[in-house]
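Data block below; observations after.
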Amino acid sequence: MKSLIIGETSNGTISSGTLELISKITQEGLDFKLITIGSDENPKIGSDTFKNTYMKLNQNELSLASIADEISNIIKSESINLVLASSTYVGRDIAGFLSVDLNASPISNVVNFKIDGDNLSTTNSIDGGESDYLTNVTSEVKVLIIRPKSFEPSEIELNDNYETVSIEKNNLSVAVQDIFIEEKTGPQLEDSKIVISAGRGMVDVENLKFIEELANKLNAAIGGTRAIVDAGWMPYSQQVGQTGKTVKPDVYIACGISGATQHQVGMKDSKFIIAINKDEEAPIFQIADFGVVGDTLSIIPKLIESL
Ligand SMILES: Cc1cc2nc3c(=O)[nH]c(=O)nc-3n(C[C@H](O)[C@H](O)[C@H](O)COP(=O)(O)OP(=O)(O)OC[C@H]3O[C@@H](n4cnc5c(N)ncnc54)[C@H](O)[C@@H]3O)c2cc1C
């Protein structure tokens, strides 16, 4: 099966989601081509073991449709029959464009897949991670959108050995009115070894300063529940869960979070889960490795003081 990974850059290198796809496809013993999309200048994304083409986005244009056109042509001319993308904004959009071009249904929420000769079957997670369903993908080109953290990332040595193609043309009849580029500072949710997340049990937006202080001390990334994102305490980019990000850090500290299934689906695979909640019946304790029953507003300042 000839395969193609749609990759992305992050902080000048290959994103962790892309490294997960590389690891899985290598395990399956398939040769693959990588196309990495990003706007970084001269990222370190090359390798001696696979071919990478860097498609450079102009941040001031909506050029994903143009990129998808290019990728579609490559898929057709090289008779590629398996396309993998991470379930990110870029991955989902590109997979959508490609599916129309290639007359293939995109298969989303994939958490695993198996290849047997020309047959490909997938395991897909639904109902906020409570159920899985299995598919056999019968289209000629199979387009899979993989949920982040489904596989361990590949540990490969990266170099400057790749080609760059600049894509600037926008073939959509959409005029860009304004662009907001999110500032990213400190450890990022997807990559951090420690994640501290806040929920409604932090009581007031003001109290998030305790979470920030603790995160600074532990060099941790900060996440939150949808409840506090909806309340405007935190931007959506920090939401963990079914409709937010999936994280799998070594340590996840849930502060004042009830542990609804929609939240759990984004963090339950963390290696060690610590929960602080004043309600000992809170569902988060069912998946916590270490639980503290008590008031976040007295426990977290004491924790900070002791570090
Ligand atoms: C389609 C859909 C998608 C969703 N996607 C997501 C998602 O991606 N991510 C997500 O997080 N949610 C998501 N949700 C929402 C989810 O169902 C919950 O409503 C949400 O996770 C609850 O957030 P919370 O734990 O902050 O608040 P609550 O459920 O209100 O829990 C607050 C907790 O804080 C505790 N508490 C209160 N005061 C204190 C205190 N002083 N000290 C200690 N503990 C205290 C309480 O005991 C309680 O357990 C989704 C829902 C739907 C329907």
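In the stretch 73-100, which residues are more than 20 Å from residue 138 (Cα to Cα) and assigned to a loop (DSSP other than H, G, I, E, B)?
Listed by number, the residues that qualify are 87, 88.
Pull out all pairs, ordered by first then second residue, where Cβ-Cβ is under 7 Å, the residues are six or more apart or on different chains, the first lies in the stretch 209-225 and is without any contact (Cβ under 8 Å) to a residue 12 or more places away in the chain, and the second is buried (at least 20 other Cβ atoms within 10 Å of the Cβ).
Partner pairs satisfying both residue conditions: 212/222.
Could you please find all residues in the stretch 57-74 being at pLDDT 90 or above and of a type outside the set (S, T, N, Q)? I'd like the intermediate steps shown before the answer.
Applying the first criterion (at pLDDT 90 or above) to the stretch 57-74 yields 67-74.
Within the stretch 57-74, 67, 68, 69, 70, 71, 74 qualify.
Show me the strands (runs of 3 or more DSSP E) entirely contained within the stretch 101-207 in which 2 or more residues are of a type outside the set (A, V, I, L, M, F, W, C), within 21 Å of the chain's Cα centre (by Cα) and surrounded by fewer than 16 Cβ atoms within 10 Å (Cβ to Cβ). Reasoning before the result, please.
Working: elements: 106-116, 119-126, 131-137, 142-146, 163-167, 194-198.
Of the strands (runs of 3 or more DSSP E) lying wholly inside the stretch 101-207, those with at least 2 residues that are of a type outside the set (A, V, I, L, M, F, W, C), within 21 Å of the chain's Cα centre (by Cα) and surrounded by fewer than 16 Cβ atoms within 10 Å (Cβ to Cβ) span 131-137.
Touching a Phe, Trp or Tyr at 6+ places or on another chain (Cβ under 8 Å) and either in the same structural domain as residue 263 (by TED's automatic domain parsing) or modelled with pLDDT of 95 or more (or both): which single residue out of 86, 99, 77, 121 fits that description?
Numbers: 86 fails: touching a Phe, Trp or Tyr at 6+ places or on another chain (Cβ under 8 Å); 99 fails: touching a Phe, Trp or Tyr at 6+ places or on another chain (Cβ under 8 Å); 77 fails: touching a Phe, Trp or Tyr at 6+ places or on another chain (Cβ under 8 Å).
On inspection, the qualifying residue turns out to be 121.
Taking only the stretch 269-297 into account, find how many residues are closer than 21 Å to residue 208 by Cβ and either in a strand (DSSP E or B) or within 9 Å of the ligand (Cβ to nearest atom) (or both).
14
Would the stretch 254-263 turn up any residue that is surrounded by fewer than 22 Cβ atoms within 10 Å (Cβ to Cβ), at negative phi and more than 8 Å from the ligand (Cβ to nearest atom)?
no
Can you run down the residue pairs with Cβ atoms below 6 Å, 6 or more apart or on separate chains, where the first is in the stretch 278-292 and more than 17 Å from residue 203 (Cβ to Cβ) and the partner is within 11 Å of the ligand (Cβ to nearest atom)?
Pairs that qualify, where the first residue is more than 17 Å from residue 203 (Cβ to Cβ) and the partner is within 11 Å of the ligand (Cβ to nearest atom), are 280/293; 283/259; 285/275; 288/275; 291/275; 291/285.
Provide a single number: the residues in the stretch 94-145 that are in contact with a strand residue (DSSP E or B) (Cβ under 8 Å, 6 or more places away or on another chain), farther than 21 Å from residue 7 by Cα and within 16 Å of the ligand (Cβ to nearest atom).
Of the residues in that region, 3 qualify.
Mind checking whether some residue in the stretch 151-159 is touching a residue at least 60 places away in the same chain (Cβ under 8 Å) and either farther than 24 Å from residue 23 by Cα or among the small types (Gly, Ala, Ser) (or both)?
Yes; the residues of the stretch 151-159 include at least one that is touching a residue at least 60 places away in the same chain (Cβ under 8 Å) and either farther than 24 Å from residue 23 by Cα or among the small types (Gly, Ala, Ser) (or both).
Filter the stretch 28-42 down to the residues that are modelled with pLDDT under 95 and of a type in the set (S, T, N, Q) and list them by number.
Passing the criteria: 39, 42.
Consider residue 237 against the criteria (1) within 13 Å of the ligand (Cβ to nearest atom); (2) under 12 Å from residue 197 (Cα atoms); (3) of a type outside the set (D, E, K, R); (4) under 20 Å from the mean Cα position of the chain (by Cα): it satisfies all of them except one. Which criterion is unmet?
Condition not satisfied by residue 237: (2).
The values are calculated or read from the model by the stated rules, or taken from the named source; none is laboratory data. Since we're looking at a predicted model, the values are computed, not measured. Every residue, glycine among them, receives a Cβ derived from its backbone with ideal geometry; neighbour counts consider all protein chains shown.
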